[in-house]
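Notes to accompany the following structure.
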Amino acid sequence: MSRRRLYLDRAPGESRGVVTLDGRPERLLIVRADDLPVQGLGARSLARVRRIDRGLAGAFLDLGDGPEAILPLTGAAKALTEGAAVEVELTVEARRGKGAVARLIGPGEGPPRLLAGGPSLIARLSAFAPDQAVVEGPEARDAADAAEDAALAIEHALPGGGSIAIEPTRALTAVDVDLGASGGDARQAARRTNLAAIGEAARLLRLKSLGGLIVFDLIGASHDGAALTAALRAAFEPDQPGVAIGPVSRFGILQLSVPRRARPVTEILCDADAAASATTTALRLLRGLEREGRADGGARLIGLCAPTVVDAASPYIRELIDRLGPRFEIRADPALRRGQFEISTQ
């Protein structure tokens, strides 16, 4: 029987897909109404080669909407010239400060435009556990909220004690392993915690959509390299192909490279200051109004939030009216910060 379960939460302005592994969130897929289809993972587009940088071995592509994508100059792409029209598929989504990565399908003709969108959210979910039905409704809403909270957290407790902290930087993602309070044989406790940390970190990195260089700061010294490598191979098997594992250094540092594919969840949910964006806050407010409205079918609801959040919520109010009827109001309160909101009834 599959250890994975699938959930799909459909809410005003946003749908969230969740994959759980043994009851804990493993992946969080977010699709928003204002997403650009041409920038989606798996989208096929007709693009124009704007610039070729032989030093970087890449061609920069105009997709017609959103940031440029980069096409590695390998194989047939080496013969491309600036101005050429090409058909491409996005294999890595854009992230903050970096454009998407594309693969060449072949020559094209005409202006840049979307040819075919990437797989639907439900298709992407089902690919992770084809034998599982996708659960919707209140249970999916709870699963998505829990996944979102876990994806934004930095510190995570380990089963059996200890913890890890996962912190991305511009160059790499650091995973700090902490033993915490433990009794008995300290060496055995460190070994047990390090192995548990690898399994949990692999799940959480997938949940957060983090890839690139991953650096573990393990507990202790004189590590069993063979056991750690075996644990890494098993834990990161769902991320293959493309995972590369390095040896453990004498300082207890373990490095591996994990392919980047989807945009990091924190970049979807948060602004550059790591606080929830106005859009994220607006969508949370709308979900909160829907929850309160379904719990009390006759109440009139008032949502208070920062002015920027009111603006972010406005495109999706009609969708909530269709669900609840015109019995709620969203008001600006300058005293509330961007990530805050309040809901009351009348």
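The values are calculated or read from the model by the stated rules, or taken from the named source; none is laboratory data. All of these numbers come straight from a predicted model, not from anything done at the bench. Positions of Cβ are generated from backbone atoms using ideal geometry, with glycine treated the same way; all protein chains shown enter the neighbour counts. The area values use the complete protein model at the heavy-atom level, side chains included, leaving out ligands, DNA and RNA. Shrake-Rupley method; radii C 1.70, N 1.55, O 1.52, S 1.80 Å.
Figures for the structure shown
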| quantity | calculated |
| --- | --- |
| Among the residues listed as 12, 72, 25, 37, the single one being in contact (Cβ under 8 Å) with a residue 60 or more places away in the chain and surrounded by fewer than 19 Cβ atoms within 10 Å (Cβ to Cβ) | 37 |
| Odd one out for residue 302 among (1) open to solvent by less than 30 Å² (accessible area, probe 1.4 Å); (2) β-branched (Val, Ile, Thr); (3) under 22 Å from the mean Cα position of the chain (by Cα) | (3) |
| Contacts under 9 angstrom Cβ, first residue in segment 100-128 being in contact (Cβ under 8 Å) with a residue 12 or more places away in the chain, partner of a type in the set (A, V, I, L, M) and open to solvent by 60 Å² or more (accessible area, probe 1.4 Å), 6 or more apart | 104/76; 106/76; 108/115; 114/36; 119/127 |
| Test: residue in segment 42-64 that is in a strand (DSSP E or B), aliphatic (A, V, I, L, M) and either closer than 15 Å to residue 135 by Cα or open to solvent by 50 Å² or more (accessible area, probe 1.4 Å) (or both) | no |
| Evaluation of residue 86 against (1) modelled with pLDDT under 95; (2) farther than 17 Å from residue 267 by Cα (one fails), failing number | (1) |
| Every pair of residues 6+ apart whose Cβ atoms lie under 6 Å, when the first sits in segment 193-219 and is under 26 Å from residue 93 (Cα atoms) while the second is assigned to a helix (DSSP H, G or I) and open to solvent by less than 10 Å² (accessible area, probe 1.4 Å) | 198/232; 207/151; 208/151; 208/265; 209/265 |
| Failed item in (1) open to solvent by 20 Å² or more (accessible area, probe 1.4 Å); (2) under 20 Å from residue 150 (Cα atoms), with residue 222 passing the rest | (2) |
| Residues that are open to solvent by less than 10 Å² (accessible area, probe 1.4 Å) and either out of contact with any Asp or Glu (no Cβ under 9 Å at 6 or more places or on another chain) or within 21 Å of residue 33 (Cα to Cα) (or both), drawn from segment 306-316 | 309, 313 |
| Some residue of segment 163-174 being open to solvent by 40 Å² or more (accessible area, probe 1.4 Å), at positive phi and not charged (D, E, K, R) | no |
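Table: residues versus (1) surrounded by fewer than 21 Cβ atoms within 10 Å (Cβ to Cβ); (2) among the basic types (Lys, Arg).
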{"site": "187", "(1), (2)": "yes, yes"}
{"site": "191", "(1), (2)": "yes, yes"}
{"site": "200", "(1), (2)": "no, no"}
{"site": "210", "(1), (2)": "no, no"}
{"site": "236", "(1), (2)": "no, no"}
{"site": "241", "(1), (2)": "yes, no"}
{"site": "245", "(1), (2)": "yes, no"}
{"site": "254", "(1), (2)": "no, no"}
{"site": "258", "(1), (2)": "no, no"}
